[in-house]
Each structure stands twice: as structure tokens, then as C-alpha cells.
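Read the figures in this text as sums done on the coordinates, not as results from a lab. None of the values given here were measured: they were computed from a predicted structure. FYI the Cβ positions are ideal-geometry reconstructions off the backbone, even for glycines, and counts take in every protein chain you see.
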Amino acid sequence: MSNTLKNLLHSPKFMVGFILFIAILLTILIYPLFNPGNPLEMIGVGTFAKPGTYISLYDATSSQKETLKIANAEEKRIAAALSDEDRVKMLEWLSAYGVDVTEVDASNTDAILELWMANYNPDASIKGFTKSETRNFRLIQNRITELMSADTLIIYEEGAEDSKSKIVKTDYVNLNAIANVKTLPLGTDNFGRDVLKELVSAAGTSIIIGLIAGSVATVIGLTLGLLAGYLGGNADEIIMFITTVFTVIPGFVLLILISYSLGQDQRGPTIVAIVIGCTSWTWTARSVRSQVISLRNRDHVNLSKLSGHSLGRIILTDILPYIASYVVMAFILQVSSGILSEAQLSLLGLGPKTTTTPTLGLMMNWAMLYSAHTNGSWWAYFPVILTIACISFSLNLMNTGMDQVFNPALRD
């Protein structure tokens with residue numbers, strides 16, 4: 001055992017996968033300590049708030065102000081007010097007006113503004129633009145002019161016409177002086193929920209589902225494979241017939257049918273995990289059977305038979321220890337397969353209940369239903385894809401490293 005552990009610790013692939021998986025587990029365990037609460041709590045009224053730090057505007061206006069004169073503040077203010085589409089449209093107008101913009105990049109706001117302020121003529125008649133586009137150009141010009149000319153913002157208190165406060169462009173507030181500040185590293189999802197908080201909880205739930213599904217599939221496959229390989233004869237034929245039936249029927253189709261028949265209210269994470277495990281044991285059973293067939297006629301097994309040892313004792317003490325490493329590798333692959341199966345089921349709307357516990361698959365399902373991939377809200381789905389990939393990659397890397405240690409044919 002000590003020699004095996006030493007070999008594993010010297011396997012680069014196993015160690016990289018192991019460290020990555022442990023890092024994911026530590027994140028799942030530690031992050032809730034810094035950001036406690038319900039991961040499905042809706043903190044935003046709108047949908048898909050962008051990643052960043054949000055401050056209370058109400059608190060900011062009442063906080064102590066300092067006067068600062070920061071260079072390029074005006075340009076940054078205008079750049080923030082112009083969208084990417086506005087910059088592209090401005091370049092189109094300038095090009096149609098005869099200005100050379102071939103060397104100007106659409107992200108270079110300063111260059112675009114300089115050309116725009118020097119050349120834009122609202123009364124110019126340019127062919128190729130509709131009335132709506134022409135009106136949009138005037139709105140862009142009005143927005144830029146307003147930002148450049150207005151130095152003061154006046155805020156009136158509700159119900160009090162004479163009570164008002166002025167905010168000038170040089171007024172700044174220390175972030176630490178604002179009472180309510182919320183940092184959302186991954187923004188919010190379609191329901192206004194903290195994506196990072198939800199992602200950490202979902203990753204933990206998906207790993208639990210994978211562990212349960214992997215355990216169920218490994219136990220079923222190991223039991224049937226041991227019996228079929230050791231007993232042989234009619235028992236082997238019956239078990240292999242059952243295995244073949246489950247193999248012929250596509251496992252994912254069977255998984256979909258079973259999940260659909262259970263109904264939404266009955267599909268908790270544990271039930272889904274058990275269903276996944278009960279439909280993914282076939283290849284484990286076949287692989288274990290082939291391993292046992294090569295062991296059942298060895299001398300130590302025959303000696304146990306002659307000594308009158310029971311079937312259970314022979315399997316547990318004379319056969320199982322010789323395939324233990326293979327069983328562990330099969331379990332790791334089943335865990336990875338279980339996580340991916342849950343994600344596929346949930347993406348189809350057949351995963352766990354959507355109102356109680358988040359999973360990685362459910363987050364993908366929510367992002368797809370609310371078109372996060374088409375409206376540019378990458379933070380709602382890309383971190384989920386990356387998390388699934390990292391978990392599967394770490395598990396498969398661990399399995400590859402173990403295979404190189406335990407399989408003499410693969411050793412360097």
C-alpha cells in the first residue's frame with residue numbers, strides 16, 4: 001500500500017488532477033464562510049447585471065464629498081456613455097461624410113470623438129442612411145454635447161420642491177464611506193441572483209450527485225461483474241444477458257424516460273443521482289467480469305476452493321483485492337460521468353427540482369431559457385461550462401495517472 005501511494009505521489013498527471021480537484025472542493029467549502037446565505041436569493045430586480053462592484057446611489061449622494069480634478073475624466077465619462085454600437089455608427093457616418101477612418105479602431109473613443117466633433121454636421125444630407133439612423137446620429141450628438149456642457153446635476157427630494165442638492169462633476173465620494181456596497185465578481189443571472197455564490201453551491205451539489213451516482217453504478221457493476229466472472233455457466237449467461245439488454249438500449253434515452261416518468265416534484269438531487277447510477281453500470285460490469293475471469297483459476301483461488309471457503313470469502317479476500325485499483329479507477333470515471341449526465345438532464349429540463357437546490361446543469365438550463373448566450377451575458381453560462389470542464393478534467397487526469405501506475409504496460 002505504501003509503495004502504491006508513493007508511486008501515485010510521483011505521478012505528475014495524478015497529482016495535477018488531485019490538486020485541481022482538492023482546490024475545487026476547498027473553494028466549495030470555504031467560500032460560503034465569506035458569503036453566507038441562500039444561493040438562490042434574488043438580490044437584483046433586473047436580470048443579468050454585469051460583473052463589478054455596485055454602490056448604493058442613495059447612500060453615495062448623502063456621503064461626504066471631496067473635490068478632485070482628475071485628468072481625462074471628461075473623456076472617460078463620454079466613453080462610458082457611448083456603446084460599442086454607437087462607436088461603429090459614428091465611424092459609418094464619418095466614412096460616408098468623406099472622412100478617412102481606415103486607421104481608426106472602433107475601440108479608440110478619443111480618436112472617434114476628435115473626428116466626430118470636428119466633422120459632424122446635423123444638417124448634412126448623406127445618402128444611404130434612413131431617417132431613423134439620422135435621428136439616432138442627432139441623439140448621439142445631443143448626448144455628447146450634454147455631457148460636455150452640463151457641470152451640475154440637481155437632485156430634488158420627493159415632496160419638497162425647495163429641498164434640493166447639487167452634484168458637480170468634480171465631486172467624488174470615498175468608496176469606504178458608502179454604507180452599502182456589493183461586489184458581484186460574476187454579476188447576476190436571469191433571476192437577479194449572485195452567479196458566483198450560486199455557482200459554488202451548484203458545483204458542490206453536482207459533485208455530490210456524481211459521487212452518489214458513481215457509488216451506485218460501481219456497486220451494481222462490481223457485484224454483477226464479480227458474480228458473472230467467478231460463477232460462470234448459467235449465472236454468467238443470465239447476468240450478461242441482462243447487461244446486454246441495458247447496453248443495447250441507449251443509456252441516456254433510458255435515463256430521460258425514467259426522469260420524465262418521475263415528475264418534477266419527485267426529482268430531488270438524490271433521486272436523480274440514483275437514477276443516473278442505475279442506468280450507467282453496464283460497462284463497469286463487463287470490465288470487472290473480464291478481470292475476474294483472468295483471476296478465478298489462479299492457484300491462490302483454487303487453494304481457497306479446496307479449503308472449503310465460502311463464495312463470499314473467496315470473492316472478497318482472494319479476488320477483490322487484485323482488482324481494487326481497477327475498481328477505484330472505474331469509480332472515478334463513474335463520478336465524472338454522473339456529473340456530466342446530470343448536466344445533460346438538467347439542460348433538457350429533466351434534472352432536479354428547480355426551486356430548491358442549484359446544480360451546474362440547472363444553471364445552464366436557466367441561461368439557455370433566458371437567452372444569455374444571445375444577449376452577451378457570458379457570465380451566466382461560461383463559468384458553469386468552465387467549472388464542469390475543470391471537474392471532469394481533474395477526475396480524468398487522476399484516472400489516467402492511476403492507470404499509468406497500476407498498469408505495467410503503460411509505465412515509462
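Only aspartates and glutamates eight or more places from residue 65 in sequence, or on another chain, were considered; those with a Cα closer than 13 Å are 171.
In straight-distance terms, cross-link reach from residue 13 covers every one of the aspartates and glutamates whose alpha-carbon lies under 20 Å from its own, apart from those fewer than eight places away in the same chain; here that gives 403, 412. For the chain, the residue among 71, 260, 82 whose Cα projects farthest onto the positive side of the dipole built from Cβ charges is 260.
Fully extending the segment from residue 175 to residue 307, taken as 0.36 nm per residue of separation minus the present Cα-Cα distance, adds 39.5 nm.
Taken one residue at a time, the phi angles of region 380-393 give Karplus couplings (6.51, -1.76, 1.60, θ = phi - 60°) of 7, 10, 5, x, 5, 4, 5, 5, 4, 5, 5, 5, 5, 5 Hz. Gly and Pro are set to x. Residue separation of residue 248 and residue 105 scaled by 0.36 nm, minus their Cα-Cα distance, works out to 45.8 nm of gained length. Past the 24 Å Cα-Cα mark, which pairs from 89/169; 6/305; 50/76; 182/353; 76/127? 89/169; 6/305; 182/353; 76/127, as the Cα separations exceed 24 Å there. The fraction of Cα-Cα pairs per 10 angstrom bin, counted from 0 for region 350-412, comes to 20, 32, 22, 15, 11, 0 percent, rounded to whole percents.
For region 210-226, the Karplus equation 6.51 cos²θ - 1.76 cosθ + 1.60, evaluated at θ = phi - 60°, returns couplings of x, 5, 5, 4, x, 5, 4, 5, 5, 5, 5, x, 5, 4, 5, x, 5 Hz by residue, with Gly and Pro reported as x.
Kirkwood Rh over Cα pairs of region 57-179 into Stokes-Einstein at 37 °C, 0.692 mPa s: D in µm²/s?
Working: Rh = 17.0 Å.
Reported coefficient: 193 µm²/s.
A simple rule links phi to the HN-Hα coupling: the Karplus curve 6.51 cos²θ - 1.76 cosθ + 1.60 with θ = phi - 60°, which for region 62-74 gives 9, 7, 5, 9, 10, 8, 10, 10, 9, 5, 6, 5, 5 Hz, with x for Gly and Pro. Dividing the summed -39500 (n - 2.57) terms of all DSSP H runs of n ≥ 4 by the residue count of the chain sets its mean residue ellipticity at 222 nm at -19500 deg cm²/dmol. Going by neighbour counts of Cβ atoms within 10 Å, the residues 219, 245, 272, 301 line up, fewest first, as 245, 219, 301, 272. Which FRET efficiency, nearest 0.05, do residue 117 and residue 219 yield, Cβ-Cβ r, R0 56 Å? For R0 = 56 Å, the calculated efficiency reads 0.15. Remark on the chain: Rg and Dmax equal 31.6, 106 Å (Cα only). Divide the volume of the convex hull around the Cα atoms of region 4-121 by the residue count and you get 297 Å³ per residue.
About its Cα centre, what dipole magnitude does the chain give when the only charges are +1 on Lys and Arg Cβ and -1 on Asp and Glu Cβ, stated in debye to the nearest 20?
In debye, rounded to 20, the chain gives about 1620.
Based on Cα contacts under 8 Å between residues 6+ apart, region 57-179 shows a relative contact order of 37 percent. Sorting 402, 363 from the fewest to the most surrounding beta carbons within 10 angstrom yields 402, 363.
Exposure proxy ranking for 309, 10, based on other Cβ atoms within 10 angstrom of each Cβ and starting from the fewest, stands as 10, 309. Relative contact order of the chain, taken over Cα pairs closer than 8 Å and 6 or more residues apart, is 26 percent. Excluding same-chain neighbours fewer than eight residues apart, the aspartates and glutamates reachable from residue 197 by a Cα-Cα span under 15 Å are 41, 189. So what's the angle, to the nearest 10 degrees on a 0 to 90 scale, between helix 269-278 and the longest Cα principal axis of the chain? With rounding to tens, the tilt is 40 degrees.
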